[in-house]
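The values are calculated or read from the model by the stated rules, or taken from the named source; none is laboratory data. What you see is a predicted model; the values in this text were computed from it and never measured. Positions of Cβ are backbone-derived with ideal geometry, glycine not excepted, and every protein chain shown enters the neighbour counts.
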Amino acid sequence: MSSESLERIARNKNVARAAARQLSMEQLQKLAEVVEEVIAQKKDEDRQRLEDEAQKARKLAEIREQITEAGLSLDDLVAEQPKRKRGRPPKNKQ
């Protein structure tokens with residue numbers, strides 16, 4: 001089953017019912033179990049991602065506070081970027 005057909009089933013209840021008619025009750029039960037597991041896994045991944053983002057934001061705030069307390073700015077920490085030459089180099093005539 002392609003992801004496109006899964007998306008169609010997810011978007012339209014009638015399409016889902018039509019697809020379910022082709023399965024036995026045992027197959028529907030197994031499908032429901034698999035979908036529940038996938039949903040639980042997705043929730044865990046989303047929760048973990050949110051926790052990671054929150055921790056990253058806390059660390060960033062701590063670092064910014066330490067920079068401010070030290071009397072520095074971000075410009076003091078970042079070295080000036082070398083200027084890049086634009087265009088192509090001249091061709092060597094031989």
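Take region 1-24 and flag every residue that is surrounded by fewer than 10 Cβ atoms within 10 Å (Cβ to Cβ) and assigned to a loop (DSSP other than H, G, I, E, B). Scanning region 1-24 gives Met1, Ser2, Gln22, Ser24. None of Glu80, Glu33, Glu26, Glu69 is at pLDDT 90 or above, more than 30 Å from Leu6 (Cβ to Cβ) and over 24 Å from the mean Cα position of the chain (by Cα) except Glu69.
Are any residues in region 59-76 assigned to a helix (DSSP H, G or I), surrounded by 10 or more Cβ atoms within 10 Å (Cβ to Cβ) and not polar (S, T, N, Q), and if so, which ones?
Listed by number, the residues that qualify are Lys59, Leu60, Ala61, Glu62, Ile63, Arg64, Glu65, Ile67, Asp76.
Could you tell me which numbered condition Asp44 fails, if it satisfies all but one of (1) modelled with pLDDT under 95; (2) under 30 Å from Arg8 (Cα atoms)? Exception for Asp44: condition (1). Val15 fulfils the conditions (1) modelled with pLDDT under 85; (2) in contact with a helix residue (DSSP H, G or I) (Cβ under 9 Å, 6 or more places away or on another chain); (3) of a type outside the set (S, T, N, Q) except for a single criterion, (1).
Taking the stated definitions as given, is Glu51 part of a helix (DSSP H, G or I), free of Cβ contacts under 8 Å to residues at least 12 places away in the same chain and surrounded by fewer than 10 Cβ atoms within 10 Å (Cβ to Cβ)?
Considered against the rule, which asks whether it is part of a helix (DSSP H, G or I), free of Cβ contacts under 8 Å to residues at least 12 places away in the same chain and surrounded by fewer than 10 Cβ atoms within 10 Å (Cβ to Cβ), Glu51 comes out as no.
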